[in-house]
Structure formats: C-alpha cells, structure tokens
Amino acid sequence: MRMFVALVPTEEARAHLDSFLDVRRDAGDLRWSAPDQVHLTLAFCADVPERAYDDLVERLERAAAKRTAFDCRIAGGGAFPDVAQAKVVWAGLETEDDTAADELDLLAAGARAAANRAGAPTDGARFRPHLTVGRPRYPHDVTNWVRLLDSYAGPWWRADEIALVHSHLGEGPRGRPRHEVVETLALSEP
C-alpha cells in the first residue's frame, strides 16, 4: 500500500486557500492540486506491507499522543527544487510560535520513526513543511507564483490530529492519485 502520514488543514483553511488561488488559476500553466487533497506530508511510505499496517497505526497513535496540538495557518510559499526550474509550487505553514514549530518538527520525526519501526520505510527526504498546490507541466521559472503565495496568509486553525492516508495511484480525476484517509490519530491537548 502506498501511504503517507499528513497534517490536514481544516475545511475552512483549504477553502480559503482555494478561493485565493481560484481567480488566478487560468493565468498559469500549473496542474493544480485538488483542494480536498491539499495536506502537509509528515512521512511518506511508498510501500506499506499489509502485515505492518496494524503495528503502523499503533505506533503512529503513540507518536501523535506524545505531541501537543498547536495553532497554525497556511501562509507564504515557494518552489522545489528552486523557483528558476520549479517542479512543485507550494504554500507554507506558519505556526503560532517557536514552540509550535518545534512540535511540528517533532511530529514529523515521530511519524517517520513510527513508520520505519513498523516495517514501512519512509522516503528519507529531509522534512520541509509545505503543502503542494501545483506542478508545472515542465520545469520552469515560477517566480510570479511564489511572489503571489508570499502575499497569502490564511485563517488560523488548530492542528489537533494527524491522518494516515492511503494513496491510490491513477484512481483520481484525470489519472491522478485518489487519497483516502484510513485513520485519524489525536494529538494531546496542552
């Protein structure tokens, strides 16, 4: 199973970002992420064996419970690998303070450790908090999109759970992945 652990913004936060981008979408040649699939990936597991699933859920539940809920918002943006030859355009995640930023980093580290220990190896890429909003059809300069996203700041929302998501390749609109939340795991309250 192809899966990932994610922090999923509230419906209000995703709708706000969608409204901001909607009037601008025709101005560029990006393939836009569906609003209901916008998320922040904490850990990506390309191949989760069936036998590892229950252990993965238990370990993620423990990892989530060790972390404290925090307030955040979608704000700013950037591009990977860089703005001049972008393959991904993303929105950023702003936390209320440094303590919340630390919680986010520890949450990602805990999710990755849980997956690896359960026998569902993660991709090993360095954690860089972002929410993919679009992909250019070919790598090119997206400076104007990054400037636009740098001016964006959405509503604050409470990150109080993480989701384990099953990604079904090719089953979504236009052959894109279809994401199915299979578990939600609560963070502890302060």
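So, in the range 43-60, of the ones that are assigned to a helix (DSSP H, G or I) and either among the small types (Gly, Ala, Ser) or touching an Asp or Glu at 6+ places or on another chain (Cβ under 8 Å) (or both), which residue ends up surrounded by the most Cβ atoms within 10 Å (Cβ to Cβ)? If you could, list the steps in order and put the result at the bottom.
Pass one, the range 43-60, residues assigned to a helix (DSSP H, G or I): 50-60.
In the following step, the residues that additionally are either among the small types (Gly, Ala, Ser) or touching an Asp or Glu at 6+ places or on another chain (Cβ under 8 Å) (or both) were identified as 52, 57, 60.
On the way: Ala52: 19, Val57: 16, Leu60: 25.
The qualifying residue surrounded by the most Cβ atoms within 10 Å (Cβ to Cβ) is Leu60.
Taking the range 153-171 as the region of interest, how many residues are assigned to a loop (DSSP other than H, G, I, E, B) and over 16 Å from Ala6 (Cβ atoms)? If you could, list the steps in order and put the result at the bottom.
Let us first name the residues in the range 153-171 that are assigned to a loop (DSSP other than H, G, I, E, B), namely 154-156, 160, 169-171.
Now drop any that are not over 16 Å from Ala6 (Cβ atoms), which leaves 154-156, 169-171.
Counting residues in the range 153-171 that are assigned to a loop (DSSP other than H, G, I, E, B) and over 16 Å from Ala6 (Cβ atoms) gives 6.
Quick check on the range 1-47: of everything there that is under 15 Å from His130 (Cβ atoms) and hydroxyl-bearing (Ser, Thr, Tyr), which residue is farthest from the chain's Cα centre (by Cα)?
Checked the range 1-47; the qualifying residue farthest from the chain's Cα centre (by Cα) is Ser33.
So that you can scan it fast, the table gives a plain yes or no per residue for (1) modelled with pLDDT of 95 or more; (2) in a loop (DSSP other than H, G, I, E, B):
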position: Glu103; (1), (2): yes, no
position: Leu107; (1), (2): yes, no
position: Ala113; (1), (2): yes, no
position: Pro121; (1), (2): no, yes
position: Gly124; (1), (2): no, yes
position: Arg128; (1), (2): no, yes
position: Gly134; (1), (2): no, no
position: Asn144; (1), (2): no, no
position: Leu148; (1), (2): no, no
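Do the conditions hold for Ala153, that is, is it touching a Leu at 6+ places or on another chain (Cβ under 7 Å) and either surrounded by fewer than 18 Cβ atoms within 10 Å (Cβ to Cβ) or within 15 Å of Thr41 (Cα to Cα) (or both)? Outline the logic, then answer.
Working: touching a Leu at 6+ places or on another chain (Cβ under 7 Å): no; either surrounded by fewer than 18 Cβ atoms within 10 Å (Cβ to Cβ) or within 15 Å of Thr41 (Cα to Cα) (or both): yes.
Considered against the rule, which asks whether it is touching a Leu at 6+ places or on another chain (Cβ under 7 Å) and either surrounded by fewer than 18 Cβ atoms within 10 Å (Cβ to Cβ) or within 15 Å of Thr41 (Cα to Cα) (or both), Ala153 comes out as no.
Suppose we filter Asp36, Asp71 for residues that are closer than 19 Å to Pro177 by Cβ and surrounded by fewer than 16 Cβ atoms within 10 Å (Cβ to Cβ); which single one remains? Break it down stepwise before answering.
Numbers: Asp71 fails: closer than 19 Å to Pro177 by Cβ.
Result: Asp36 is the single residue among Asp36, Asp71 that is closer than 19 Å to Pro177 by Cβ and surrounded by fewer than 16 Cβ atoms within 10 Å (Cβ to Cβ).
The values are calculated or read from the model by the stated rules, or taken from the named source; none is laboratory data. As the structure is a prediction and not an experimental result, all values here were calculated from the model. Note: ideal-geometry Cβ built from the backbone for every residue, glycine included; neighbour counts use all protein chains shown.
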